[in-house]
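The structure under discussion appears below in the form of structure tokens.
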Amino acid sequence: MLLKRCNSVYRTEVHAFLKQKYGTSTEAPNDCTYRSPLPAKASVVICGGGVIGTSVAYHLAKLGLTDVVLLEQGRLSGGVTWLSSGVVGCLRKGAERNLCQISVSLYKKLQDGGHDIGWSQHGSINLARTENRMIALKRLVGQAKVQNLSCTFLDKKEIAKMVPNMKVSDLEGGVWIPEDGVVDPAKLCKTMAFLAAQKGVTIVEDCAVMRVTSASQRVKAVQTSDGTIDCEIFINCAGQVMCTPRSRADAAL
């Protein structure tokens, strides 16, 4: 179970990172490295080997687009993804809620398919300490139920029954969301990269994006630490730091 108090998240389960190796050939080995030579060109170049970049590569491959090159300046999942808590909470607004529900469905499918991504679905409780917070939760619940997200209001006694060690005297109530869970971000990232590579996506680690060049307002090529690759589409999935300020500025154009 996950417990959420306003913006802080308290986790009752801690998943060991990178401790177990995958046991079958259909699973991604934790020590798998990708050091392919940089191709001269590709239809799509993805910058960033975190959970967003590998997810884009995985879904493009599922759609049949495999002329894709994913570039990671270090190792897969070694940036912001590695620092992520992995908490998946669906009680959000609009598009964010839809994205979370799609993610839950994908994680269940991957875990049930034999891929150890550390998915644990024990639900969560969003807690309210003030009346205004409770009103905000009621609004979110009203929107969520329209999109078939299962959620239930709890009073203090019900929360105390579910979490005996929690202090509830200062609470107005809470919302129970049984679909919420926790995933191991590193394992998820490497699994999606492995599945994308199986379908033909090229992944190049230790390859930093230095500059994105364009002509006539269209991307033409990507300059990297390993050379230049021509492309039609450039997808920026970098984390908080994308190599250099020049790279961020050029990629935004």
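The values are calculated or read from the model by the stated rules, or taken from the named source; none is laboratory data. Since we're looking at a predicted model, the values are computed, not measured. Every residue, glycine as well, gets a Cβ built from its backbone with ideal geometry; the counts of neighbours run over all protein chains shown. Ligands, DNA and RNA are stripped out before the accessible areas are found, and what is left, the full protein with its side chains, is counted by its heavy atoms. Shrake-Rupley method; radii C 1.70, N 1.55, O 1.52, S 1.80 Å.
So which of A208, A144 is touching a residue at least 12 places away in the same chain (Cβ under 8 Å), within 30 Å of T33 (Cβ to Cβ), surrounded by 14 or more Cβ atoms within 10 Å (Cβ to Cβ) and of a type in the set (G, A, S)?
A208
Tell me, yes or no, whether segment 73-86 has at least one residue that is part of a helix (DSSP H, G or I) and without any contact (Cβ under 8 Å) to a residue 60 or more places away in the chain.
Yes: one or more hits.
Taking the condition of being in contact with a helix residue (DSSP H, G or I) (Cβ under 8 Å, 6 or more places away or on another chain) and open to solvent by 20 Å² or more (accessible area, probe 1.4 Å), how many residues in segment 116-141 meet it?
Residues flagged as in contact with a helix residue (DSSP H, G or I) (Cβ under 8 Å, 6 or more places away or on another chain) and open to solvent by 20 Å² or more (accessible area, probe 1.4 Å) within segment 116-141 amount to 3.
Are any of the residues in segment 29-47 within 30 Å of Q223 (Cβ to Cβ), of a type in the set (A, V, I, L, M, F, W, C), under 17 Å from the mean Cα position of the chain (by Cα) and modelled with pLDDT of 95 or more?
Yes: one or more hits.
One residue is enough: does segment 94-103 have a residue meeting the conditions open to solvent by less than 60 Å² (accessible area, probe 1.4 Å) and touching a strand residue (DSSP E or B) at 6+ places or on another chain (Cβ under 7 Å)?
The answer is yes, given that some residue of segment 94-103 is open to solvent by less than 60 Å² (accessible area, probe 1.4 Å) and touching a strand residue (DSSP E or B) at 6+ places or on another chain (Cβ under 7 Å).
Would you confirm whether any residue within segment 164-173 is among the aliphatic types (A, V, I, L, M), at pLDDT 95 or above and in contact with a Phe, Trp or Tyr (Cβ under 9 Å, 6 or more places away or on another chain)?
no
Can you name the residue in segment 211-220 that is farther than 19 Å from E72 by Cα and of a type in the set (S, T, N, Q) and is also most open to solvent (accessible area, probe 1.4 Å) among such residues?
That would be Q217.
Please enumerate the residues belonging to segment 30-56 that are touching a Lys or Arg at 6+ places or on another chain (Cβ under 9 Å) and either among the small types (G, A, S) or within 18 Å of M210 (Cα to Cα) (or both).
Hit for segment 30-56 is G49, nothing else.
Tell me yes or no: at least one residue of segment 149-158 is of a type in the set (S, T, Y), in a loop (DSSP other than H, G, I, E, B) and on the phi < 0 side of the Ramachandran plot.
Yes - at least one qualifying residue is present in segment 149-158.
I'd like to verify a number: residues in segment 225-240 that are over 12 Å from I52 (Cα atoms), open to solvent by less than 70 Å² (accessible area, probe 1.4 Å) and assigned to a strand (DSSP E or B), how many?
Counting residues in segment 225-240 that are over 12 Å from I52 (Cα atoms), open to solvent by less than 70 Å² (accessible area, probe 1.4 Å) and assigned to a strand (DSSP E or B) gives 4.
Kindly evaluate L195 against the criterion of being in a helix (DSSP H, G or I) and open to solvent by 10 Å² or more (accessible area, probe 1.4 Å).
yes
Please determine whether any residue of segment 59-80 is surrounded by fewer than 15 Cβ atoms within 10 Å (Cβ to Cβ), at pLDDT below 95 and among the hydrophobic types (A, V, I, L, M, F, W, C).
no
Suppose we filter V175, V183, V168 for residues that are touching a helix residue (DSSP H, G or I) at 6+ places or on another chain (Cβ under 6 Å), closer than 18 Å to I52 by Cβ and surrounded by 15 or more Cβ atoms within 10 Å (Cβ to Cβ); which single one remains?
Answer to the selection: V183.
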